[in-house]
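What follows draws every value from the coordinates through simple rules; no lab data is involved. Since the model is a prediction, treat every value here as computed from it, not as a measurement. In this analysis, Cβ positions are derived from the backbone assuming ideal geometry, glycine residues included, and neighbour counts consider all displayed protein chains.
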Amino acid sequence: MPNIFFLMLRRLRTPIITLICIYAISVFGLVLIPGVDNDGNVYRMDFFHAFYFISYTATTIGFGEVPYAFTNAQRMWVLACIYLAVIGWTYTLGSVFSLSRDQAFAKAILYTRFKSKVRKMSEPFYLICGYGQTGRLLCKVLDEQNIRFVVMDLREERINEVALADYHFDAPYYSGDAANPELLKIAGLDHRLCIGVLGITGDENTNLSIAISAFVLRPKLLSICRSKNQAVSDNMASFGTNKVINLFESVGQQFQLALHSPAVSHLRNILSDFPENPIPDWVAPPHGHWVIVGYGRFGKSVHAALTLKGLSVCIIDPEPQPDVDPACFHLALGVDAASLNAAGIEHAVGLLVSHDHDANNLSALATARAINPKLFIIARQNLATNHLLFEAFKPDVTSIRSETIAHEALRAMSSPLLSSAISAVELQTDEWAQQLTEQIIAVCQGQVPENWTIKLNAKNIAAVQAFLARPNPPLQLTHFHSSVLDHGTTLNCIALLRRHAGVETLLPAADTILSFGDELLFIGDDDARDSHQAMCSDISHLEYARTGQEQPQSWLFRKIAAWREKD
């Protein structure tokens, strides 16, 4: 896109030429018309004085007649020049105001500002393509964690919301097609501080284009994309997308886990939730007859989980479903008592309402609960703005599309170790999960814990000190449970996972001796995370946690301490 200054000059070409001509004619006229000096001698004004006079007179300022009083002929000419200048300036200013209201020119200014802001980004940031419900939720969480981001969305009204959002920093934003690789490049895809790109627009073809662009321009960059069907998911994965979020597949897998291992499912929800949120409620879907109202992709995923468990299911949908057993299907909207009774709502243990419209879901929920108040109800909420209505009905589980996608995305963004840990947790027993859940609740006082990763590599000065400069006493995991401010105080944290030489261990023992190259995943509160950051950035803090003795800070005292150790 051309430079804004030259673009403005091109659009204002005619008014500017008009002004130049008016000034040139006015100056030339004053030079040609003879005047009289103070001694009565004839003189001709030079070009400098003529231009000086016209410059302040044309703007209606007026400083008097210079260098001498004018003759009548000169004053007649100046009078004509004043009217010409007023007309010229009116025409020019009108053109400027008209240009300022021009949508194309305003778009060019926004584009230039956006490009400049992205280029000047000095901290790591994520490129978020799509500012719908999911995008807004992710931006809010990232902002609370002081992580920078750049936002793009095709719809201008959504982008305008970024400017009105109460974020802690001025997030660059632009309304444009994220499927355009050139625009993605301008938005920071190839910026050295871009740490990830998220394709979470409502158009999965656009998300696929984002995945392709990320793979071609930045093959090693973290990319997270949303899809709606398996074919597009597979296509995204073939282009190296680190995380493909298939909403309906994820919902089905989570529901199946809740049916099979409710304690494991509860622990998974805790680890996947947003930090500092209240611990999510326990969800244990009952076994028995279920009724599904709305057989879209959401309903199909839950139906697959129920039938896999061997439970009886009856489906209600306004569209014919040839792949469903006619004996278990009723053609209706499912908001009336007749269709719900025909599906067996009276003796059902559970109800899923999963229409694309919240009004139908709320209507079906209210009718079904009036017939069978003991139902376990799962409600699909399509719009986040309807949360008050769903809270009033109090379903046992409210599945909000934007939150589900945001949880999956945040998990992939937080740490690769967290994804590995959650996958390992899903293979554990309910008893094991229940014990760990109780520990988390006690450590974090009923809130979803923070999570962070410590890499004991060459970039970690504490690791270099512990394994190379001073390997004794050996660095153990228990040292990371001790506060750097008070050696006798235990931090509120849990070592969830250790990765050593490619081997991952859940809940490693406190007396585990660590090795160079280890990766550790911790969960806990803010104080524990800050303490670990201090340990990894300051050798003295690590030595205090390891030995319980305060280390000398100056070079001289460190030399004296080393000399005493040798003796």
query = Points 7 angstrom from Cα along the Cβ direction at Thr490 and Ala509: gap in nanometres?
reply = 1.7 nm
request  = Kindly put Ile513, Ile405, Ile195 in sequence by how many other C-beta atoms sit within 10 Å of each C-beta, fewest to most.
outcome  = Ile513, Ile195, Ile405
task = Write down, largest first, the equivalent ellipsoid semi-axes of region 348-426 in whole Å, where each equals the square root of 5 times an eigenvalue of the alpha-carbon gyration tensor.
result = 30, 15, 9
message = Could you give each residue of region 180-197 its phi-based ³J(HN,Hα) in whole Hz, using Karplus coefficients 6.51, -1.76, 1.60 with θ = phi - 60°, and x for Gly or Pro?
response = 7, x, 5, 5, 4, 5, 5, 6, x, 4, 9, 5, 5, 9, 6, 9, x, 10
task = In square nanometres and to one decimal, what's the mean projected area of the convex hull around the Cα atoms of region 276-405?
result = 8.1 nm²
query = Leu496's amide H: which non-local residues (gap 5+, or another chain) put their own amide H closer than 5 Å, with H modeled 1.01 Å from N in plane and none for Pro or chain starts?
reply = Leu521, Phe522, Ile523
note = So for R0 = 35 Å, FRET eff. of Ser122-Lys455 from the Cβ-Cβ r, to 0.05, ends up at 0.90
query = When each pair of different Cα atoms in the chain is counted once in the 1/r mean, what is the Kirkwood radius in angstroms, to one decimal?
reply = 29.4 Å
query = Sequence-distant or interchain residues sharing an amide H contact under 5 Å with Phe376, placed H: which?
reply = Gly350, Leu351
ask   = By count of other Cβ within 10 Å, fewest leading, how are Glu431, Glu161, Glu543 ordered?
value = Glu431, Glu161, Glu543
note = Once phi for every residue in region 326-335 is put through the Karplus expression 6.51 cos²θ - 1.76 cosθ + 1.60 (θ = phi - 60°), the whole-Hz ³J(HN,Hα) values, with Gly and Pro written as x, are x, 5, 10, 10, 10, 7, 6, 7, x, 9
key: Globularity index of region 20-123, i.e. its alpha-carbon radius of gyration over 2.2 N^0.38 Å   = 1.65
key: Radius 12 Å from Cβ of Gly296, net charge of other residues (Lys, Arg +1; Asp, Glu -1)   = +2
note = Within the chain, the percent of DSSP beta bridges that are antiparallel, given to the nearest 5, stands at 35 percent
remark   = Taking placed amide H atoms and a strict 5 Å upper bound, the residues 5 or more places from Val150 or on another chain that come that close are Tyr126, Leu127, Ile128
ask   = Where does each of Met8, Met76, Met413, Met152 land when they are ranked from fewest to most other beta-carbon atoms within 10 angstrom?
value = Met76, Met8, Met413, Met152
key: Environment charge of Pro285, counting only residues whose C-beta is closer than 11 Å and scoring Lys/Arg +1, Asp/Glu -1   = 0
key: Gain upon complete extension [Val216, Phe105; 0.36 nm per residue less C-alpha separation]   = 36.8 nm
request  = Please turn the phi angles of region 264-277 into ³J(HN,Hα) values with the Karplus equation 6.51 cos²θ - 1.76 cosθ + 1.60 (θ = phi - 60°), one per residue in order, whole Hz, x for glycine and proline.
outcome  = 5, 4, 5, 5, 4, 5, 5, 5, 8, 6, 6, x, 6, 6
